[in-house]
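*Asks:* Pasting a structure here, questions to come.
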Amino acid sequence: MIKKPKVVIIAGGLATRMSPITDNIPKCLIDVNGAPLIQHQIEFFRERGYKEFVFCVAHLANKVKEYFGDGSQFGVSIEYSLEPNELLGSAGAVKLIENIIDSTFIVFYGDNLTNLNFDKFLKFHKEKNSQFTIFLKKRSEKNHSSSLITMNDENKIISFIEKPSVEEFDKHKHEIQYINNGIYLIEPELIREIPENIKYDFGKDAIPTLLQKDHKIYGYLSDDFYVELGRVEKYETFLARFKCRKNVLERAKAIFLDRDGVINEGIKNLSKPEQFRLIPRVAEAIRKFNDGGYLVIVVTNQPIIAKGFCTGEDIEKIHHKMKKSLAEKGAHVDAIYLCPHHPEKGFEGEIAHIKINCECRKPKPGLILNAVKDYNLDLFKSWMIGDSFSDVQAGKEAGVMTILLTSGDGSGSKQEKELQNVSPNYKFKSLIEAAEFIMLKR
C-alpha cells in the first residue's frame, strides 16, 4: 500500500482580493455553510486516510492556530510553519519546511475545495515515476486562464506558461491546452531546487525552472469537482449554489428537466412571458424533488435566440415567470442551463456568431456536464427527464438515468427522427408520475 503523504496547505497570503471579508480573518477560515472553508477540505482528506498536515501561515496566523490547534480535535495532526514578515511566495513557503519533509507530499492552497480522488492522483504520480505532478483540467476556448500548459502523449509536461499573453495562446492554438488547478504532488528532493530567502512562486518561478532543468513533471487530468474561492464574486457565487449543503464536498443528486413540454405547455417558439403556462401538477412534482433532497436543474435548448426570434433578456423574463409560478405553489428550481445556439444558417435576422455546432445543444450532454462541475453532482444518483429522444440521449451520454415523458411534443429538431431507437430507462405520461416513481425508488 502506498503511504499517504503529508498535506502542505499554503495559507499565508494577504487575501487582498477577498477584502473586506478577509480584513480580520485569513482566507482559509472564511465561512462555508457553518464551517471554515479549509475545515471542509481537511475532513475530506481525513475520511480518506490523509491525516498529517503542515500549515504554511503568515497573515493572521494566530487565528488559524487558535482554531485548529494541533488538529487532534479534528482527528488529524497539524504542524505550523510561520513565514517571516516578507512573504516568500508559495514555493518559498514550502522551502521553509524542508527539514520536516522526507517523502512525497501534497501542496494544497487554502482557498481551494475539491473532491479529487487523491489515491488515484498519487498512484499516477508513482507509476510515472514523476518528481512533480500537477492536477490539470483541459482549457476551454473561452477560458483565458492564468496558466497555459501543454503535454505529450505520456502526460509529460512540455510547456508551462504563467500568465500567458494573447500571442502565447495563439502560438499554441493548434495544441491541446491545459490549465493549472494548483494542486501538486512533489518529491522532497525538489525542495532543494527552491532558492532560500527570496520570493518564489510555483507557477511563476519553480515549475518553469524545473522544466528547463529537465525534471520529470507530469500532468494528471481529472474532471473531479474543483473550485477556487480567491475572489469575492467567486465566493458569493459558490455560497449561492451550495446553500443548505452542510457537506459541500459530498456529491449531490439532481433531477435534470427539459423545459418546454415538461414544465410548461409546449408552445412553438415561445418567446414572451405571457405565453408561458405551467403544465398541471408540475409544481407538485418539482416540490417532491425539492423535498426529496434533489437539486432541480433545467437544461433547455433555446435556438430561437440564435434564430433571432427573441433575445436572451426575453428568455430571462420567461424564466422569471416560471420561477414565480413555481414559488407560488411551494416549488423551486435550483439552476437553469440553456443552449442559445443553432447549427443551421439561413434564418432572417439570425445571430451569426451563435449559429454554430456547439457542445451544449442536446442531444450532446454539455449542459448536464457543466452543471455537474458547478454543483458537485453525483451522476449515478441523478436523472434526466424530457419529452424528446434528444433529452434521453443527452442523459445517456452524461451517465444519468433517463425518463421519457410521452405526453410532450418532443424537441421538433431534425435529429429527433434519427434518435428514434434511443431507449430511455423508463417512460411515463407526466412529470408527476415520474416524480412519484423516483421517490419510491430512491
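*Asks:* Being more than 24 Å from the chain's Cα centre (by Cα), closer than 17 Å to SER271 by Cα, buried (at least 17 other Cβ atoms within 10 Å of the Cβ) and not acidic (Asp, Glu) is the filter here, so list the residues in region 326-350 that pass it.
*Replies:* The first filter runs over region 326-350 and keeps only residues more than 24 Å from the chain's Cα centre (by Cα), leaving 326-331, 342-350.
So of that shortlist, the ones also closer than 17 Å to SER271 by Cα come out as 342, 347-350.
With the extra rule that they be buried (at least 17 other Cβ atoms within 10 Å of the Cβ), the set shrinks to 342, 350.
Correct list: HIS342 only.
*Asks:* Within region 272-295, can you find the residues that are surrounded by 18 or more Cβ atoms within 10 Å (Cβ to Cβ) and assigned to a loop (DSSP other than H, G, I, E, B)?
*Replies:* PHE276, ILE279, TYR294
*Asks:* Quick one: what pairs do we get from region 180-209, first residue without any contact (Cβ under 8 Å) to a residue 24 or more places away in the chain, second in a helix (DSSP H, G or I) and crowded, with 19+ Cβ neighbours inside 10 Å, C-beta under 7 Å, 6+ apart or different chains?
*Replies:* Listed pairs, sorted by first residue: GLU193/LEU210.
*Asks:* Let me ask something additional. If I filter region 40-57 down to residues being over 23 Å from THR237 (Cβ atoms) and of a type in the set (Asp, Glu), which single residue comes out as surrounded by the most Cβ atoms within 10 Å (Cβ to Cβ)?
*Replies:* So, considering only residues that are over 23 Å from THR237 (Cβ atoms) and of a type in the set (Asp, Glu), the one surrounded by the most Cβ atoms within 10 Å (Cβ to Cβ) is GLU52.
*Asks:* Quick one: which strands (runs of 3 or more DSSP E) sit completely within region 77-138 and have at least 3 residues that are over 22 Å from PRO26 (Cα atoms) and assigned by TED's automatic domain parsing to the domain that holds THR150?
*Replies:* So the answer is 132-138.
*Asks:* Restricting attention to region 231-270, and to residues there that are polar (S, T, N, Q) and under 29 Å from VAL392 (Cβ atoms), which single residue is modelled with the lowest pLDDT? Before you say what the answer is, go through the steps one by one.
*Replies:* Going residue by residue through region 231-270, those that are polar (S, T, N, Q) are 237, 247, 264, 269.
Keeping just the survivors that are under 29 Å from VAL392 (Cβ atoms) gives 264, 269.
Numbers: ASN264: 96, ASN269: 84.
Filtering region 231-270 for residues that are polar (S, T, N, Q) and under 29 Å from VAL392 (Cβ atoms), the one modelled with the lowest pLDDT comes out as ASN269.
*Asks:* Among the candidates ALA283, ALA335, ALA327, single out the residue that is closer than 22 Å to SER407 by Cβ and modelled with pLDDT of 95 or more.
*Replies:* On the way: ALA335 fails: closer than 22 Å to SER407 by Cβ; ALA327 fails: closer than 22 Å to SER407 by Cβ.
On inspection, the qualifying residue turns out to be ALA283.
Yes/no matrix, rows are residues, columns are (1) part of a helix (DSSP H, G or I); (2) without any contact (Cβ under 8 Å) to a residue 12 or more places away in the chain; (3) more than 22 Å from VAL333 (Cβ to Cβ):
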residue: CYS360; (1), (2), (3): no, no, no
residue: LEU367; (1), (2), (3): yes, no, no
residue: VAL372; (1), (2), (3): yes, no, no
residue: MET384; (1), (2), (3): no, no, no
residue: SER390; (1), (2), (3): yes, no, no
residue: LYS396; (1), (2), (3): yes, no, yes
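*Asks:* Then there's this: In region 19-58, what residues are under 15 Å from PHE118 (Cα atoms) and either outside the structural domain of GLY69 (by TED's automatic domain parsing) or assigned to a helix (DSSP H, G or I) (or both)? Reasoning before the result, please.
*Replies:* Taking region 19-58 first, the residues under 15 Å from PHE118 (Cα atoms) are 41-53.
Result: GLN41, ILE42, GLU43, PHE44, PHE45, ARG46, GLU47.
*Asks:* Hey, among the residues in region 251-265 that are under 14 Å from GLN275 (Cα atoms) and part of a loop (DSSP other than H, G, I, E, B), which one's farthest from the chain's Cα centre (by Cα)?
*Replies:* For region 251-265, the residue satisfying everything is GLU265.
*Asks:* Moving on. Can you tell me which of GLY261, GLY266, GLY203 is touching a strand residue (DSSP E or B) at 6+ places or on another chain (Cβ under 8 Å) and on the phi > 0 side of the Ramachandran plot? Quick ask: steps written out before the conclusion?
*Replies:* Numbers: GLY266 fails: on the phi > 0 side of the Ramachandran plot; GLY203 fails: on the phi > 0 side of the Ramachandran plot.
Selected residue: GLY261, the only one of GLY261, GLY266, GLY203 that is touching a strand residue (DSSP E or B) at 6+ places or on another chain (Cβ under 8 Å) and on the phi > 0 side of the Ramachandran plot.
*Asks:* Quick test for you: out of LYS95, LYS65, LYS120, pick the one residue that is farther than 19 Å from ARG46 by Cβ, of a type in the set (Lys, Arg) and touching a residue at least 12 places away in the same chain (Cβ under 8 Å). Give the steps one after another, and end with the answer.
*Replies:* Numbers: LYS65 fails: farther than 19 Å from ARG46 by Cβ; LYS120 fails: farther than 19 Å from ARG46 by Cβ.
Of the residues listed, the single one that is farther than 19 Å from ARG46 by Cβ, of a type in the set (Lys, Arg) and touching a residue at least 12 places away in the same chain (Cβ under 8 Å) is LYS95.
*Asks:* Another question, then. Listed residues LEU37, LEU60, LEU29, LEU14; which is modelled with pLDDT under 95 and either surrounded by 15 or more Cβ atoms within 10 Å (Cβ to Cβ) or over 23 Å from ALA91 (Cβ atoms) (or both)? Write out each step before concluding.
*Replies:* Values: LEU37 fails: modelled with pLDDT under 95; LEU29 fails: modelled with pLDDT under 95; LEU14 fails: either surrounded by 15 or more Cβ atoms within 10 Å (Cβ to Cβ) or over 23 Å from ALA91 (Cβ atoms) (or both).
The unique qualifying residue is LEU60.
*Asks:* Are any residues in region 159-183 within 23 Å of ILE194 (Cα to Cα), at pLDDT below 95 and not in a loop (DSSP other than H, G, I, E, B), and if so, which ones?
*Replies:* SER159, PHE160, ILE161, GLU162, ILE179, ASN180, ASN181, GLY182
*Asks:* In the set MET384, MET401, which member is surrounded by fewer than 24 Cβ atoms within 10 Å (Cβ to Cβ), touching a Ser or Thr at 6+ places or on another chain (Cβ under 8 Å) and either at pLDDT 95 or above or within 20 Å of ILE336 (Cβ to Cβ) (or both)?
*Replies:* Numbers: MET384 fails: surrounded by fewer than 24 Cβ atoms within 10 Å (Cβ to Cβ).
The match here is MET401.
*Asks:* While we're looking at this one, here's another question. Going through region 385-400 one residue at a time, which ones are aliphatic (A, V, I, L, M) and out of contact with any helix residue (DSSP H, G or I) (no Cβ under 8 Å at 6 or more places or on another chain)?
*Replies:* The answer is VAL392, and nothing else.
*Asks:* Confirm whether ASP224 is closer than 21 Å to LYS138 by Cα, of a type in the set (Asp, Glu), in a loop (DSSP other than H, G, I, E, B) and modelled with pLDDT under 95. So that I can check it myself, show each step before the final result.
*Replies:* Working: closer than 21 Å to LYS138 by Cα: yes; of a type in the set (Asp, Glu): yes; in a loop (DSSP other than H, G, I, E, B): yes; modelled with pLDDT under 95: yes.
So ASP224 fits the description; yes.
*Asks:* Can you tell me which residues in region 2-57 are over 26 Å from ASN85 (Cα atoms) and among the aromatic types (Phe, Trp, Tyr)?
*Replies:* Once the filter is applied, which keeps residues that are over 26 Å from ASN85 (Cα atoms) and among the aromatic types (Phe, Trp, Tyr), region 2-57 yields PHE44, PHE45, TYR50.
The values are calculated or read from the model by the stated rules, or taken from the named source; none is laboratory data. Just so it is clear, the model here is predicted, and its values are computed rather than measured. Every residue, glycine as well, gets a Cβ built from its backbone with ideal geometry; the counts of neighbours run over all protein chains shown.
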